[in-house]
Amino acid sequence: MQDQGSLSKHFWLTQGMARTIGVNVNGALKAGQLGRGEFAELVATCCHCDRTDRCIPWLGRQGAGAETVPDWCPLKLRLESLKEFA
């Protein structure tokens, strides 16, 4: 079972990556463009990623936002697909 602190970290990293490219996760959930189970899977994917040490520094450099999620992020395709609804 994931440590609660680790799960929280990956929840916020997932939210942060989405927000940085203009995706409102809560809005996507409410509008039905993202299911709750699917969001949980995104967070779980983040939890199992071996590159999360890159996320916080990358997010910190994106003050004005970013057009895309970094290529090394396993959430890239799904998060970017939600941009069309943003």
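The values are calculated or read from the model by the stated rules, or taken from the named source; none is laboratory data. Here the structure is a predicted model, which means the values were calculated and not measured. Cβ coordinates were reconstructed from backbone atoms using ideal geometry, including for glycine residues, and neighbour counts include every protein chain displayed. With ligands, DNA and RNA removed, areas are computed over all heavy atoms of the protein, side chains included. Shrake-Rupley method; radii C 1.70, N 1.55, O 1.52, S 1.80 Å.
If I go through the range 22-36 residue by residue, how many of them are in contact with a Phe, Trp or Tyr (Cβ under 8 Å, 6 or more places away or on another chain), farther than 25 Å from residue 64 by Cβ and either of a type outside the set (A, V, I, L, M, F, W, C) or open to solvent by less than 60 Å² (accessible area, probe 1.4 Å) (or both)?
Total meeting the criteria: 1.
In the set 6, 81, which member is among the polar types (S, T, N, Q) and free of Cβ contacts under 8 Å to residues at least 24 places away in the same chain?
Criteria check complete, one pass: 81.
In the range 22-73, which residues are more than 21 Å from residue 84 (Cα to Cα), of a type in the set (D, E, K, R) and assigned to a helix (DSSP H, G or I)?
53, 54
Any residue at all in the range 39-56 that is touching a residue at least 40 places away in the same chain (Cβ under 8 Å), of a type in the set (A, V, I, L, M), open to solvent by 50 Å² or more (accessible area, probe 1.4 Å) and under 14 Å from residue 19 (Cα atoms)?
Taking every residue of the range 39-56 in turn, at least one turns out to be touching a residue at least 40 places away in the same chain (Cβ under 8 Å), of a type in the set (A, V, I, L, M), open to solvent by 50 Å² or more (accessible area, probe 1.4 Å) and under 14 Å from residue 19 (Cα atoms).
Could you pull out the residue among 84, 67 that is open to solvent by 20 Å² or more (accessible area, probe 1.4 Å), at pLDDT 95 or above and not small (Gly, Ala, Ser)? Before the answer, list the steps.
Working: 84 fails: at pLDDT 95 or above.
That would be 67, the only listed residue that is open to solvent by 20 Å² or more (accessible area, probe 1.4 Å), at pLDDT 95 or above and not small (Gly, Ala, Ser).
Does the range 1-9 contain at least one residue that is touching a Leu at 6+ places or on another chain (Cβ under 9 Å) and surrounded by 12 or more Cβ atoms within 10 Å (Cβ to Cβ)?
No, that holds for no residue.
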